[in-house]
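The values are calculated or read from the model by the stated rules, or taken from the named source; none is laboratory data. Predicted model only: the values in this text are computed from it and were never measured. Cβ: placed from backbone, ideal geometry, glycine included. Neighbour counts: every protein chain shown.
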């Protein structure tokens, strides 16, 4: 039972692994991105590896009677662990920004909890659990070419609107990319941001500054460096970003074309590095769970990876 004053949330939990280290080891031999292989835990829950890399894993967790969750686990190589001493873990930073963005009503996937494991003050593992939303990312959809020209134009415009909302609320994304945007599942659904480990909230409108321009330029590129949108779609993205102001959109389009792809990459790298070094260790312990009613969170004592679901 987790108490978030003045609200009380009654929850049951399903434990997948007793710690992040166990979770990492248990998933290391799973076939990468296999939608068919669904290993079971001792308790009967199932997990699926969505993405596997040397330093990160993204897992889909589910069990009967519990709402599915997406778990992102980040591992720090031992030779680089010293760089995390005195700094918040990647999952901690991402959770904090996503929690605040969700509280502000920005279109991000709702975070559930975060946790980290440290050795001598240095981060070994950290993880963040998010609401599980089963759907394609924008980059995959664009590459497959399944949408007609009008659908692609609408998605470009929706991407611009999302970025515009972020920047007017003072949020610098830092890792903006079509692959980090979830497609809406229906007419009344929104495009959602899913990956914000280097995001930063300034508390003021940042539209038009260097950070906003970095985000905007990177939104136009696929992960392989190719352009994500054609000229018509690009104009729609700028129009969405400028809330329908055609004159501002044209001026912004010209401004983004003046910077080369190499310059966009350089700017993004410097901003991500700066954001990483500016953050201190979070004061809330080694884990926390989000309480939507209060917009805050409470510390977690358990080291386990789990699912939770409200109980009436």
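Every residue, every condition in (1) part of a loop (DSSP other than H, G, I, E, B); (2) closer than 22 Å to residue 218 by Cβ, yes or no:
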{"position": "102", "(1), (2)": "no, no"}
{"position": "105", "(1), (2)": "yes, no"}
{"position": "118", "(1), (2)": "no, no"}
{"position": "150", "(1), (2)": "no, no"}
{"position": "156", "(1), (2)": "no, yes"}
{"position": "166", "(1), (2)": "no, yes"}
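Among 266, 200, 248, 271, which is surrounded by 15 or more Cβ atoms within 10 Å (Cβ to Cβ), at negative phi and modelled with pLDDT under 85?
Testing whether each residue is surrounded by 15 or more Cβ atoms within 10 Å (Cβ to Cβ), at negative phi and modelled with pLDDT under 85 leaves just 271.
When the range 91-127 is examined, which residues are found to be surrounded by fewer than 19 Cβ atoms within 10 Å (Cβ to Cβ) and more than 22 Å from residue 168 (Cβ to Cβ)?
Result: 118, 119, 120, 121, 122.
Within the range 184-202, restricting attention to residues that are in a loop (DSSP other than H, G, I, E, B) and under 14 Å from the mean Cα position of the chain (by Cα), which residue is nearest to residue 152 (Cα to Cα)?
The extreme case among them is 191.
Return yes or no: is residue 175 at pLDDT 90 or above and either assigned to a strand (DSSP E or B) or closer than 27 Å to residue 214 by Cβ (or both)?
no
Taking the range 237-254 on its own, how many of its residues are out of contact with any helix residue (DSSP H, G or I) (no Cβ under 7 Å at 6 or more places or on another chain) and either assigned to a helix (DSSP H, G or I) or under 14 Å from residue 207 (Cβ atoms) (or both)?
Result for the range 237-254: 6.
Would you be able to say whether some residue in the range 145-162 is within 21 Å of the chain's Cα centre (by Cα), surrounded by fewer than 19 Cβ atoms within 10 Å (Cβ to Cβ), modelled with pLDDT under 90 and over 28 Å from residue 243 (Cβ atoms)?
no
Which condition from (1) farther than 17 Å from residue 161 by Cβ; (2) surrounded by 13 or more Cβ atoms within 10 Å (Cβ to Cβ); (3) modelled with pLDDT of 85 or more is the one that residue 242 breaks?
(1)
Hey, can you tell me all the residues within the range 75-90 that are in a helix (DSSP H, G or I), buried (at least 20 other Cβ atoms within 10 Å of the Cβ) and touching a residue at least 40 places away in the same chain (Cβ under 8 Å)?
90
Restricting the range 27-48 to residues that are in contact with a strand residue (DSSP E or B) (Cβ under 6 Å, 6 or more places away or on another chain) and either modelled with pLDDT of 80 or more or loosely packed, with under 13 Cβ neighbours inside 10 Å (or both), which is farthest from residue 66 (Cα to Cα)?
Here the answer is 32.
Which members of the range 55-69 meet the condition of being assigned to a loop (DSSP other than H, G, I, E, B) and either touching a strand residue (DSSP E or B) at 6+ places or on another chain (Cβ under 8 Å) or surrounded by 14 or more Cβ atoms within 10 Å (Cβ to Cβ) (or both)?
Across the range 55-69, the qualifying residues are 55, 63, 65, 66, 67, 68.
When you go through (1) at pLDDT below 90; (2) under 22 Å from residue 110 (Cα atoms); (3) surrounded by 15 or more Cβ atoms within 10 Å (Cβ to Cβ) one by one for residue 72, which number turns out not to apply?
Unmet condition: (1).
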